[in-house]
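The values are calculated or read from the model by the stated rules, or taken from the named source; none is laboratory data. This is a predicted model, so every value here is computed, not measured. Cβ placement follows ideal geometry from the backbone for every residue including glycine, while neighbour counts extend to all protein chains displayed. Heavy atoms of the whole protein, side chains included, go into the accessibility calculation; ligands, DNA and RNA do not. Shrake-Rupley method; radii C 1.70, N 1.55, O 1.52, S 1.80 Å.
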Amino acid sequence: MRFLRAAYKLWTSSAKFRVGLSIMGILVVLGAGQSILVPIIGDGEDPLEIAAYKQWLPPSSDHLLGTDRYGRDVLAMTLVALVASLKVGAVAGVLSTIVGVIVAFVAGYKGGLLDAILATITEMFLVVPSFPLLLTLSAYVRAVNLAHVALMLTVFSWPFAARTIRAQVLSLRSRPYVDLARVSNLSDLEIIFQELLPNVLPYIGLGFANAALGAIFALMGLEVIGLGPSETLSLGIMLNWAIGWGALSLGAWPMLVAPAVPLVLLFTGMTLINISLEETYNPRLREVARIEAPRGNGDGELH
Amino acid sequence: MTNTKTDQRSRPRLSARARRWFADHAHAAYVIRRLGRYVLTLWGALTVAFIFFRLIPGDPVSTYLASLEQSHVHNAEEAQRIVDHYRELFGLNDSLFDQYIAYLRQLLVSHDLGPALIDFPTPSQIVILRALPWTIGLLGLSTVFSWILGTVLGVIVGWRRESRIADAVTSVALALSRIPYYLVALMLVYFFAFRLAWFPPMSAYAPSIERAFTVEFLVSVVKHGTLPALSIVMISVCNWLIITRTMVITTLGEDYLVFAEAKGLSERRVAVHYVLRNCWLPLITAFGIRLGSIFNGSVLVERLFMYPGLGNLLVQSLLMLDYNTLQGIVALSIFGVLTANAAIDLLLPILDPRVKY
Amino acid sequence: MADSHVRSAKRAGAESTVAEINDLRVFYQTNRGMTWAVDGVSFSVGRGEILGITGESGCGKTTMANALLHLTRPPGHIASGRICLYLQDSEALDLLKVDKARLRKIRWRHLAYIPQGSMNSLNPTMRVIDQFADVIGEHTSTPRADIRNHVVDLLSQVGLEPQIVGKFPHELSGGMKQRVIIAMAMALQPDLVIADEPTTALDVNVQRVIIQTLADLRDRMGMSLIFITHDMAVQAELADRVAVMYAGRIVEIGDVRSIFKSPLHPYTRALIQAIPHVEGERVCLQGISGSAPSPTDWPSGCRFHPRCPAAMPVCRRELPQLLPVEQVGAGPASSQSLVACHLHSSVLRGRIS
C-alpha cells in the first residue's frame, strides 16, 4: 500500500524519523507488554495491590524502581500508567484528527463564508490559551474514565490537526487536476475522496502527530493537578502523588523519575516523528533541512 | 485564471464602491480589517468562555455548597437561604441572556468580577491583580530572555549550517522543543532545590522578608524566580532557535544575499543588514502567536513552584471551584494574548517598509 | 579610443588581458547524481573588451557566470579550473585559490556583477542610497556626502532621477531596479563586469540607454565586460567578441563580425540564421530542430550532433576540442576564431597532413 511505501521511504531517509519511531516503538511495546510484564514483576502476586510490599523500599534487584508509599512496585505502576497515557493520547489523537479532517475539508474545499468562520474558530483556539478552559471544564465535569477524558481532550486538540490539513487542502484545491475532476462531473464527495484525500494523507498524519502531542500535554496537565481520570493509574497521577507525598524531600527519586522519563520520551519521540514528517512534506522546510554535498572528483567524468 | 476564481470564493463579497475605497486606502483598510478581526475574535472567545462556564453542570454556588457539605454538617433550610442570597449576589437568577450581558459588562466596562471564593469577600479582580505582576514578571522576563538568546543562537546556527555542531545543536533543539516546561521544572527542582539546595523550591520570595524595594527583597525574588524561569527558558530557547534558524536559512537563499556576497561586504554587515533586517519581523509575529502556548505551559510551572502568579491562582480557584476568579483569569488571558497579537499586527506595517496590505 | 586601450594596457604592465579562464568545470549535485553544467570552458577577456556569451537556456551560461565570480553555491560546486585575473593595481591571481579576505577585497572593486533578473537582488529593507553606500564604504574611504553625489551621478548615467536614492526597492519598477544594479556595478569602476542578461526584462528604449552606457564605460574607463545574453541582436551591437555556448562547452568564439558574417559552427550558423532581417525580403525563418539537451542526459561525442544538419559519424563518437581556425587578415591573437567542430578540425588536419 502507498502508506507503507511512504513510511518505508521516510524510515530510510530521515534519521529523526528513525529515532522518533524507535522511541515510540519501545514505549508502545513496553506498554503493550504490561499484561505480561506486570505479573512477572509480581511473581505470582499483584504488585499493584496496596501494601503488596513494604513501603518506600529503595531500588533493588527485587524492585528495580523500589516501592511507593503504599508499598506498590513502582516499575509495575509505571508500565500500567504508561499504557493509560498511550491509550488516551492515541484515542484523543485519532478523534481530533477525524474532527480536524472534516473541518479542514469543509472549510478548505467549500471556501467562502464557511471557510472564513471555521478558519477564525480554528485560529481562535490556537492563539488563545485554551489550557485554562480545558482545566475549567474538567474541574467541573469530574472525569471518571478514560473515555470522557479523551473526549474532552479532543475538543481541545482538533484545531492542531485542522490547521495543518486545511492549509494543504487549500493549496491543492486550486490545482488543475481538481478543476479537471470538477469539470468531468464528479460530485464533491467523489473529488474529495479520489483526488484530494490521497495527496492530503501525509498531512493528515502530520495533523495526527500534532494533535496527539497537544492531547498528551493536556492530559499530563490535568493529571498532575489531580483533575485527570480518577479511576485509572496514569503517569501524571504518579507525579501528582510524588509531589504530594513529598517524594522530593524524602529523596525517593524513583517516584519522580519513573513517570517523568517515559513522559519526556513520549514528547521527544512524537516531536521527532512530527518534525521528520514536516521536513519531508513541507516543501519550504525541505530546503531548510540539511542537504548532503559531497566534493567533486574533478576529472570531468560524464554521467 | 483558476486561482482568481477560487480566491474570490474565499473572500466575502463587497460592493464595488467599497472595494474601490479599500484599494485606494490600503493602510487604513488594513487597520480596519485587523481591528475588526480583533473585536470579532475577542467577542467570540469570550462568548465561548461564557458558554463553557454555563455548560458546567450545577452553578457555582450549589457546587461550592456541595463541596462544603461533604466536610461539614449543615442545616438544610439555613443553607437554602444562604444559597438563595448568594445566587442573587452572583446574578444567577437572571436569564441566560441577562447574565451574558452582565458578564460582558463586568469584563469590559466595570471590571468588577464579584467576590472571590478563595479570599471571600475580596472581589475577584483584586485577587487577580495581586497575582498578575508575578506572572508578568516571570513570563515577561523568561520570554524576552529566551527570545533574545534563542534568536542569536538561531542566527549563528543558521549562518553556519554546514558545520556538524550546528546540525547537532539543531537536532537537539528540535527534539526538546515540545517538552512541557513542567517536566523540566520537575527535574530542575529535584536537582537544584532538593539535592543541591542551591535554589529555593517554592514561592516568589522568602516569606520572612518584607515586601519592599530593598536589595534584600529583590535578591530573594531573583533567587526564587530562577528555577521557574529556567524551566521556561530552556525549552523556549529551543523553539526560538528553530524558528530563527529557519528564517535565516530561507533568507540566505534569497538573491539579494548572493548579491551582497558579490559586493564583497563583510560578514558582519551582511548578517545584520541583509539577514537580520529581513528576518526579525516574522520573528515578532511568531512571538505573538506563541504567547498563548507559553501561558499554557507556565500554569503548571507556577503550580509546581507555588509561584503566586495567575497560573497558580488558576489552579487554586479550580480546586476551590471559585467561579468568579476562574472566569476572570480565563478572560484576562484571552484578552491579553489577543490584544498583544493585534498590537503586533498593527505595528508591523509601520516597521516593515515592504509589507503589502 | 585606441588611446585608452594603449593607456590601460600600459597601466596593467603590458598585459592586455584582464581575465583568463582555463578549463572551468562546474557540476551540480542532485538526487539523480552529478550533472556537469559547465564542462571544460576556456577563454580570455582582453582589457577594455566586451565579450558576449550567447546560447540557449540550459547551456550553462548562468552557472558559468556564477563560477567566474566564485559565487557558486551548493548544490553547485566548482570542480576544477583556473580563473586568472590580471587586475590593474596588483599582480595576477587565481580567483579560485585566493583566500577569503583577499577575495572579498577584490569583489566589486575589481570584479562586479549584474545578475540575471536583478529584481530580487536588491535588499528589500534598505534604501537605494544605503545599498550604494555600503559597498562604496566597504571598499573605499569616501566620505558620506561625496557618496551621495557620486550615486546621483551614477543613476543619471542610467537614466534615473535623483529621487530614487531615498526609495525602497519595492517602490521601483523592474526596469528601474535593473538600472540601479547596473549603476551600482559601475560605482567603483571595476576592471571586469559580468552581466547576465542585463537587458532582458527591459523595454527597448531603456535597453538602448543601457547598451549605450555600457559601451561608454568601456570607452572611458577601459572596463571589460562579459555580457551574457541570448539576444543576438544585442550581441551584434555591443560585443567585440562573441563566445557561443552549447551544452556546457564553448563551441565557437571569435570576433563579432566574423561570427555574424561567417559563422563556422553549425549551431552558430543556425542561431544567426534565426535572426529575422528588418529589411529585404521576407524569408521563412529556420529554427533549430529538436530541443536543447538537459545536463543529465548529454549526447555522446559532439553534443550538438543530434540536431546538426552536417553531422558525421565521428561526431557521435568524439567530443571536438575548441581549436583555432586560420582567419584571413587576422588581428591580434585574442581576436582569432576558435571553433569546436569536427568539420573544421578535419579541414585543419587535412591541411596539416
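Only one of these is open to solvent by 10 Å² or more (accessible area, probe 1.4 Å) and within 9 Å of chain A (Cβ to nearest Cβ): B:314, B:276, B:304. Name it. Quick ask: steps written out before the conclusion?
Values: B:314 fails: open to solvent by 10 Å² or more (accessible area, probe 1.4 Å); B:276 fails: within 9 Å of chain A (Cβ to nearest Cβ).
Residue meeting the stated conditions: B:304.
Mind checking which helices (runs of 4 or more DSSP H) fall wholly inside the range A:177-255 and carry at least 3 residues that are within 14 Å of chain B (Cβ to nearest Cβ)? Break it down into steps so the answer makes sense when it comes.
Numbers: elements: A:188-191, A:197-225, A:235-244, A:247-250.
Correct list: A:197-225, A:235-244, A:247-250.
Here are some residues: B:183, B:188. Which one is away from chain A (no Cβ under 11 Å), surrounded by 21 or more Cβ atoms within 10 Å (Cβ to Cβ) and free of Cβ contacts under 8 Å to residues at least 60 places away in the same chain?
Working: B:183 fails: away from chain A (no Cβ under 11 Å).
On inspection, the qualifying residue turns out to be B:188.
Picking from C:48, C:58, which residue would you name as being more than 10 Å from every other protein chain (Cβ to nearest Cβ), closer than 17 Å to residue C:247 by Cα, out of contact with any Phe, Trp or Tyr (no Cβ under 9 Å at 6 or more places or on another chain) and part of a loop (DSSP other than H, G, I, E, B)? Before you say what the answer is, go through the steps one by one.
Working: C:48 fails: closer than 17 Å to residue C:247 by Cα.
Residue meeting the stated conditions: C:58.
Go through the range B:191-213 residue by residue and tally those that are assigned to a loop (DSSP other than H, G, I, E, B), of a type outside the set (D, E, K, R) and open to solvent by 60 Å² or more (accessible area, probe 1.4 Å).
Initial filter on the range B:191-213 (assigned to a loop (DSSP other than H, G, I, E, B)): B:196-213.
In the following step, the residues that additionally are of a type outside the set (D, E, K, R) were identified as B:196-209, B:212-213.
In the following step, the residues that additionally are open to solvent by 60 Å² or more (accessible area, probe 1.4 Å) were identified as B:196-198, B:202, B:207-208, B:213.
The qualifying residues number 7.
Restricting the search to the range A:38-74, which residues are of a type in the set (A, V, I, L, M) and in contact with a helix residue (DSSP H, G or I) (Cβ under 6 Å, 6 or more places away or on another chain)?
First pass over the range A:38-74, keeping only residues of a type in the set (A, V, I, L, M): A:38, A:40-41, A:48, A:50-52, A:57, A:64-65, A:74.
A:38, A:41, A:48, A:64, A:65, A:74 - these are the residues of the range A:38-74 that are of a type in the set (A, V, I, L, M) and in contact with a helix residue (DSSP H, G or I) (Cβ under 6 Å, 6 or more places away or on another chain).
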Just one listed residue, out of B:261, B:254, B:216, is farther than 21 Å from residue C:127 by Cβ and of a type in the set (D, E, K, R), and it is B:216
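To keep it simple, each residue is scored yes or no on (1) within 12 Å of another protein chain (Cβ to nearest Cβ); (2) open to solvent by 40 Å² or more (accessible area, probe 1.4 Å); (3) free of Cβ contacts under 8 Å to residues at least 40 places away in the same chain.
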site	(1), (2), (3)
C:121	yes, no, no
C:131	yes, no, no
C:144	no, yes, yes
C:148	no, yes, yes
C:156	no, yes, yes
C:189	no, yes, yes
C:201	no, yes, no
C:222	no, no, no
Just checking, how many residues over the range A:1-51 are at pLDDT 85 or above and over 22 Å from residue A:270 (Cα atoms)? 0
Run residue A:88 past the list (1) open to solvent by less than 10 Å² (accessible area, probe 1.4 Å); (2) within 14 Å of another protein chain (Cβ to nearest Cβ); (3) under 27 Å from residue B:319 (Cα atoms); (4) within 18 Å of the chain's Cα centre (by Cα) and report the number of the one that doesn't hold. (2)
Considering each residue of the range C:79-104, count those that are in contact with a His (Cβ under 7 Å, 6 or more places away or on another chain) and within 12 Å of chain B (Cβ to nearest Cβ), and give that number. 1
Does residue C:317 satisfy being over 24 Å from the mean Cα position of the chain (by Cα) and at pLDDT 80 or above? yes
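Tell me, please, whether a residue that is out of contact with any helix residue (DSSP H, G or I) (no Cβ under 7 Å at 6 or more places or on another chain) and assigned to a helix (DSSP H, G or I) can be found in the range B:226-241. Show your work before the answer.
Of all residues in the range B:226-241, those out of contact with any helix residue (DSSP H, G or I) (no Cβ under 7 Å at 6 or more places or on another chain) come to B:226.
In the following step, the residues that additionally are assigned to a helix (DSSP H, G or I) were identified as B:226.
Checked the range B:226-241: at least one residue is out of contact with any helix residue (DSSP H, G or I) (no Cβ under 7 Å at 6 or more places or on another chain) and assigned to a helix (DSSP H, G or I).
Within the range A:51-72, work out how many residues are open to solvent by 90 Å² or more (accessible area, probe 1.4 Å) and not hydroxyl-bearing (Ser, Thr, Tyr).
Kept after step one, since they are open to solvent by 90 Å² or more (accessible area, probe 1.4 Å), are these residues of the range A:51-72: A:54-55, A:61-62, A:64, A:69-70.
Okay, now just the ones that are also not hydroxyl-bearing (Ser, Thr, Tyr), so A:54-55, A:62, A:64, A:69.
The qualifying residues number 5.
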Some residue of the range C:67-77 being among the hydrophobic types (A, V, I, L, M, F, W, C) and more than 19 Å from residue C:227 (Cα to Cα): no
All but one of (1) surrounded by 21 or more Cβ atoms within 10 Å (Cβ to Cβ); (2) at the interface with another protein chain (Cβ under 10 Å from one of its Cβ atoms) hold for residue C:64; state the number of the condition that does not hold. (2)
Only one of these conditions is not met by residue A:127: (1) more than 10 Å from chain B (Cβ to nearest Cβ); (2) surrounded by 21 or more Cβ atoms within 10 Å (Cβ to Cβ); (3) among the aliphatic types (A, V, I, L, M). Which number is it? (1)
Could you check, for the range B:342-356, whether at least one of its residues is out of contact with any helix residue (DSSP H, G or I) (no Cβ under 6 Å at 6 or more places or on another chain), open to solvent by less than 10 Å² (accessible area, probe 1.4 Å) and assigned by TED's automatic domain parsing to the domain that holds residue B:189? no
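Output yes when any residue across the range B:38-55 is away from chain A (no Cβ under 14 Å), assigned to a helix (DSSP H, G or I) and modelled with pLDDT of 75 or more, and no when none is.
As a first pass, look at the range B:38-55 and keep what is away from chain A (no Cβ under 14 Å): none.
No - not one qualifying residue is present in the range B:38-55.
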Residue check: is residue C:117 away from chain B (no Cβ under 11 Å), within 22 Å of residue B:274 (Cβ to Cβ), open to solvent by 10 Å² or more (accessible area, probe 1.4 Å) and of a type outside the set (S, T, N, Q)? no
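Could you tell me how many of the residues in the range B:204-228 are acidic (Asp, Glu) and under 19 Å from residue B:299 (Cα atoms)?
0
Residue-wise test of (1) modelled with pLDDT of 90 or more; (2) in contact with a Ser or Thr (Cβ under 9 Å, 6 or more places away or on another chain); (3) open to solvent by 20 Å² or more (accessible area, probe 1.4 Å).
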position: C:54; (1), (2), (3): yes, yes, no
position: C:84; (1), (2), (3): yes, yes, no
position: C:87; (1), (2), (3): no, no, no
position: C:104; (1), (2), (3): yes, yes, yes
With the requirement that a residue be free of Cβ contacts under 8 Å to residues at least 24 places away in the same chain and within 19 Å of residue A:83 (Cβ to Cβ), what does the range A:34-51 give you? A:35, A:36, A:39, A:40, A:46, A:49
Residue by residue through the range A:240-289, note down the ones that are aromatic (Phe, Trp, Tyr) and either at pLDDT below 90 or open to solvent by 40 Å² or more (accessible area, probe 1.4 Å) (or both). A:241, A:245, A:253, A:281
